[in-house]
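Asker: Take this structure first; my questions come after.
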Protein chains: 2
Amino acid sequence: MKSREHHIRIAVDAMGGDYAPANVVAGICEAIHESGDRLHLVLVGPEDSIRAELRDYGRLPGALTPPSESYSIVHAPEVIDMHDLPTAALKTKRKSSIGIGLHLQKDGQVQAFVSAGNTGAVLSAATLILGRIHGIGRPTIGAMVPTALAPCLLVDAGTNVDCRPQHLLEFAMMGSIYVSATRNLAKPRIGLLSIGEEDTKGNEASLAAMKLLRKSGLNFVGNVEGRDVLSGDLDVVVCDGFVGNILLKFGESIPHFLKTKFKAFADVSMRNKAIGLLVRNALRQVLKDLDYQEHGGVPLLGVNGVAIIGHGKSTPLAIKNMIYRAEEMVLKGVNKNIQDSLASINE
Amino acid sequence: MKSREHHIRIAVDAMGGDYAPANVVAGICEAIHESGDRLHLVLVGPEDSIRAELRDYGRLPGALTPPSESYSIVHAPEVIDMHDLPTAALKTKRKSSIGIGLHLQKDGQVQAFVSAGNTGAVLSAATLILGRIHGIGRPTIGAMVPTALAPCLLVDAGTNVDCRPQHLLEFAMMGSIYVSATRNLAKPRIGLLSIGEEDTKGNEASLAAMKLLRKSGLNFVGNVEGRDVLSGDLDVVVCDGFVGNILLKFGESIPHFLKTKFKAFADVSMRNKAIGLLVRNALRQVLKDLDYQEHGGVPLLGVNGVAIIGHGKSTPLAIKNMIYRAEEMVLKGVNKNIQDSLASINE
């Protein structure tokens with residue numbers, strides 16, 4: 001494994017995602033090309049497949065073949081796919097790209113791990129192998145939600161369904177530190193998702209979390225409602241994973257719903273059909289904002305290391321952006337900040 | 001109070017809604033005109049204001065002035081507005097249109113009550129004055145959500161934030177009976193909102209509710225996800241009021257979000273601006289489906305009587321449709337069906 005000392009070293013799950021290893025190889029080549037020599041990427045997966053994919057990629061017109069010192073390959077013969085049950089797979093597939101990639105980080109050979117593979121498996125393996133940050137109750141995964149302005153982080157996005165107030169407080173703090181690091185915001189605005197803006201509105205857990213947030217010293221704007229998520233007025237929206245998952249999947253269904261409605265509109269008349277064609281293109285451009293890939297994955301917050309998790313359908317662009325997210329988390333010392341903040345939010 | 005015996009008699013809160021009494025008076029006049037002589041409507045509110053409004057309405061071109069035997073007025077000098085705290089207002093304003101209207105029903109002088117006023121006050125007053133259906137744990141309010149096909153009932157829409165599994169089961173049963181009555185469906189398809197379709201996915205309350213629903217004899221299709229709400233594959237979607245309220249308000253914010261996005265699109269170029277104008281009209285037509293007023297209010301389910309609650313911004317059309325919803329609930333014996341079903345869903 002060749003490398004230079006000053007590089008940030010990131011392990012990339014070569015087998016993660018529906019279009020692996022092709023999209024992963026293309027993504028790491030683009031990242032290396034674009035970032036100059038500041039990164040060393042470690043591709044983890046079946047060595048033969050990775051080498052074959054690198055050869056194929058190199059034959060493409062305009063291929064950005066990386067210099068050999070900018071990457072290395074670590075052999076991992078097994079693959080955990082999207083249908084595997086996370087905890088079972090970690091036991092039966094001990095030489096998976098996810099397990100080996102995370103062990104490289106545990107052993108200090110890389111500083112971060114990136115995967116567009118089975119989210120549950122990455123979450124379980126990272127928690128098991130890297131451990132939690134001391135004092136954090138539950139690691140969490142957020143999601144970047146498009147808004148009228150900059151995207152906001154919805155946390156938890158589905159990892160923890162039944163949450164205690166303390167968990168919600170920790171999600172707020174970790175989300176705030178992550179957003180602060182990746183968007184260079186001094187004080188991200190944090191809202192607690194509830195059913196009214198007044199401090200008296202909420203369910204049992206949210207009402208108790210609200211009190212913890214009020215005295216946390218975080219930039220907490222108070223309760224926010226469903227309608228505030230897309231407003232652009234917030235940088236971090238906190239909720240339990242049950243609400244977060246339902247809201248995100250509801251949001252993801254909107255483009256299809258609109259397409260169905262516009263199609264019905266177009267079918268009314270020839271004039272509508274003509275307008276419908278124009279609308280379709282406008283709609284596509286408008287809805288591309290709802291696209292996950294620009295954001296390039298989300299962090300697993302609360303584990304004792306850096307893990308970025310991507311969508312199964314990650315494109316090379318998404319893989320590249322996931323690598324940059326991982327780099328930012330390392331450079332900005334996100335985990336150190338989380339550790340330092342734990343004392344202050346709990347008074 | 002003149003009336004004929006075979007009429008269905010419905011009390012209407014003349015002061016309910018932001019545009020009361022004007023929209024209420026216009027709405028009842030339209031309902032009486034359209035329904036022939038099958039309804040007798042009782043306007044409840046300050047008598048002078050109502051009479052003045054009826055006179056004003058009668059002077060409009062094309063006014064559908066109702067025959068005097070088709071309506072009556074019951075004086076209620078006090079008004080609970082949107083800023084009043086429900087339980088406090090019921091104590092301090094004992095002669096409110098909401099309180100007196102519901103007492104008319106309690107005393108058997110009308111069979112239903114309709115209001116576009118303070119939702120919390122109608123809920124509290126109806127529960128207090130009419131009482132709950134014997135065996136129902138918590139009265140609930142649902143909301144009609146537009147889908148790719150027919151609208152579906154999301155229940156609970158925000159009334160009960162922390163729910164026990166038995167409450168969710170009762171919401172499912174009551175929602176199913178209401179939808180069955182108003183849409184003439186033999187077996188409405190019921191989904192339980194969760195974070196995955198498998199029976200193992202959910203939070204504590206939803207997992208336990210799932211088990212109750214599986215053996216309830218209802219047409220329960222299983223767990224559904226956020227993306228299924230708008231699909232048109234479901235007639236009733238069950239969740240607690242915390243999730244329901246957040247989801248509904250998120251959905252309500254989509255049109256504004258899209259308008260902002262399309263505006264940004266239009267500002268890019270002259271060509272986009274021209275397309276933007278066409279899009280705006282198409283979008284308006286498409287989004288009018290998201291409009292509450294066609295549905296004309298939602299029922300308060302689980303109280304020992306009929307109460308239909310409307311949006312504060314109810315138009316005359318919405319008021320008219322609320323009156324029809326109330327009529328349907330009476331004619332179809334929704335409450336009797338709820339009472340009869342209680343034994344069977346609990347085995």
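Asker: Run residue A:256 past the list (1) within 30 Å of residue A:120 (Cβ to Cβ); (2) more than 7 Å from every other protein chain (Cβ to nearest Cβ); (3) crowded, with 16+ Cβ neighbours inside 10 Å and report the number of the one that doesn't hold.
Answerer: That leaves (3) as the condition not met.
Asker: Every residue in the stretch A:186-198 that is more than 14 Å from chain B (Cβ to nearest Cβ) and under 20 Å from residue A:342 (Cβ atoms), please.
Answerer: Within the stretch A:186-198, A:186, A:187, A:188, A:190 meet the criteria.
Asker: Here is a further query. Answer with yes or no whether residue B:56 is surrounded by fewer than 19 Cβ atoms within 10 Å (Cβ to Cβ) and within 17 Å of residue B:314 (Cβ to Cβ).
Answerer: Taking the combined requirement at face value, the residue does not satisfy it.
Asker: Is one or more of the residues making up the stretch B:221-230 acidic (Asp, Glu), free of Cβ contacts under 8 Å to residues at least 40 places away in the same chain and either away from chain A (no Cβ under 14 Å) or touching a Gly at 6+ places or on another chain (Cβ under 8 Å) (or both)?
Answerer: Yes, some residue in the stretch B:221-230 is acidic (Asp, Glu), free of Cβ contacts under 8 Å to residues at least 40 places away in the same chain and either away from chain A (no Cβ under 14 Å) or touching a Gly at 6+ places or on another chain (Cβ under 8 Å) (or both).
Asker: Return yes or no: is residue A:251 touching a residue at least 40 places away in the same chain (Cβ under 8 Å) and closer than 22 Å to residue B:148 by Cβ?
Answerer: When the stated conditions are applied, residue A:251 passes them.
Asker: Among (1) at pLDDT 95 or above; (2) in a helix (DSSP H, G or I), there is one condition residue A:237 misses while meeting the rest; what is its number?
Answerer: (2)
Asker: Further, regarding this structure: State the number of residues belonging to the stretch A:277-290 that are at the interface with chain B (Cβ under 7 Å from one of its Cβ atoms) and either touching a residue at least 12 places away in the same chain (Cβ under 8 Å) or small (Gly, Ala, Ser) (or both).
Answerer: Residues that pass the stated criteria total 3.
Asker: So how many residues does the stretch A:20-43 have that are within 16 Å of residue A:296 (Cβ to Cβ) and either charged (D, E, K, R) or assigned to a loop (DSSP other than H, G, I, E, B) (or both)?
Answerer: Within the stretch A:20-43, residues that are within 16 Å of residue A:296 (Cβ to Cβ) and either charged (D, E, K, R) or assigned to a loop (DSSP other than H, G, I, E, B) (or both) number 3.
Asker: Still on this structure, I have one more. Would you check if there is a residue in the stretch B:327-338 being polar (S, T, N, Q) and within 14 Å of chain A (Cβ to nearest Cβ)?
Answerer: Within the stretch B:327-338 (the criterion being polar (S, T, N, Q) and within 14 Å of chain A (Cβ to nearest Cβ)), the answer is no, since none of the residues qualifies.
Asker: Having 3 or more residues that are under 26 Å from residue B:177 (Cβ atoms) is the bar; report the helices (runs of 4 or more DSSP H) wholly within the stretch B:246-347 that clear it. Steps first, answer last, please.
Answerer: On the way: elements: B:270-287, B:316-331, B:334-345.
So the answer is B:316-331, B:334-345.
Asker: Assess whether residue A:206 counts as being part of a helix (DSSP H, G or I), closer than 26 Å to residue B:83 by Cα, polar (S, T, N, Q) and within 10 Å of chain B (Cβ to nearest Cβ). Give the steps one after another, and end with the answer.
Answerer: Details: part of a helix (DSSP H, G or I): yes; closer than 26 Å to residue B:83 by Cα: yes; polar (S, T, N, Q): yes; within 10 Å of chain B (Cβ to nearest Cβ): yes.
It is true that residue A:206 is part of a helix (DSSP H, G or I), closer than 26 Å to residue B:83 by Cα, polar (S, T, N, Q) and within 10 Å of chain B (Cβ to nearest Cβ).
Asker: Taking the condition free of Cβ contacts under 8 Å to residues at least 12 places away in the same chain and either over 20 Å from residue B:144 (Cβ atoms) or more than 7 Å from chain A (Cβ to nearest Cβ) (or both), does residue B:211 pass?
Answerer: So residue B:211 fails the test.
Asker: Looking at (1) over 26 Å from residue A:204 (Cβ atoms); (2) facing chain B (nearest Cβ under 9 Å), which is the only condition residue A:263 fails?
Answerer: Answer for residue A:263: the failing condition is (2).
Asker: Continuing with this model, one more query. I'd like to know if the stretch A:72-88 contains one or more residues that are farther than 21 Å from residue A:126 by Cβ and of a type in the set (D, E, K, R). Don't jump to the end; show me each part of the working.
Answerer: At the first step, the residues of the stretch A:72-88 found to be farther than 21 Å from residue A:126 by Cβ are A:72-73.
This time we only want the ones that are of a type in the set (D, E, K, R), so: none.
No: zero hits.
Asker: Assess whether residue B:293 counts as being within 9 Å of another protein chain (Cβ to nearest Cβ) and at pLDDT below 85.
Answerer: It is false that residue B:293 is within 9 Å of another protein chain (Cβ to nearest Cβ) and at pLDDT below 85.
Asker: Which members of the stretch A:183-202 meet the condition of being crowded, with 18+ Cβ neighbours inside 10 Å and either among the aliphatic types (A, V, I, L, M) or over 22 Å from residue B:85 (Cβ atoms) (or both)? It would help to see each step written out before you state the result.
Answerer: Let us first name the residues in the stretch A:183-202 that are crowded, with 18+ Cβ neighbours inside 10 Å, namely A:188-195, A:201-202.
If the condition is that a residue be crowded, with 18+ Cβ neighbours inside 10 Å and either among the aliphatic types (A, V, I, L, M) or over 22 Å from residue B:85 (Cβ atoms) (or both), then A:188, A:189, A:190, A:191, A:192, A:193, A:195 are the ones that fit.
Asker: I'd like the full set of residues that are hydroxyl-bearing (Ser, Thr, Tyr) and over 23 Å from residue A:165 (Cα atoms), limited to the stretch A:98-140.
Answerer: Hits for the stretch A:98-140 are A:115, A:119.
Asker: Given the residues B:251, B:244, B:310, which is the only one that is facing another protein chain (nearest Cβ under 8 Å), modelled with pLDDT of 85 or more and at negative phi?
Answerer: On inspection, the qualifying residue turns out to be B:251.
Asker: Take the conditions part of a loop (DSSP other than H, G, I, E, B), at positive phi and surrounded by 14 or more Cβ atoms within 10 Å (Cβ to Cβ) and apply them to residue A:17. Does it pass? So that I can check it myself, show each step before the final result.
Answerer: Numbers: part of a loop (DSSP other than H, G, I, E, B): yes; at positive phi: yes; surrounded by 14 or more Cβ atoms within 10 Å (Cβ to Cβ): yes.
Considered against the rule, which asks whether it is part of a loop (DSSP other than H, G, I, E, B), at positive phi and surrounded by 14 or more Cβ atoms within 10 Å (Cβ to Cβ), residue A:17 comes out as yes.
Asker: Run down B:77, B:46, B:66 and say which single residue is in contact (Cβ under 8 Å) with a residue 12 or more places away in the chain and in contact with a helix residue (DSSP H, G or I) (Cβ under 6 Å, 6 or more places away or on another chain).
Answerer: Selected residue: B:66, the only one of B:77, B:46, B:66 that is in contact (Cβ under 8 Å) with a residue 12 or more places away in the chain and in contact with a helix residue (DSSP H, G or I) (Cβ under 6 Å, 6 or more places away or on another chain).
Asker: For residues that are of a type outside the set (A, V, I, L, M, F, W, C) and surrounded by 18 or more Cβ atoms within 10 Å (Cβ to Cβ), tally how many sit in the stretch A:259-271.
Answerer: Summing the residues that are of a type outside the set (A, V, I, L, M, F, W, C) and surrounded by 18 or more Cβ atoms within 10 Å (Cβ to Cβ) in the stretch A:259-271 gives 1.
The values are calculated or read from the model by the stated rules, or taken from the named source; none is laboratory data. From a predicted model like this one, the values you see are computed outputs, not experimental measurements. Here the Cβ is made from the backbone with ideal geometry for all residues, glycine too, and neighbour counts use every protein chain on show.
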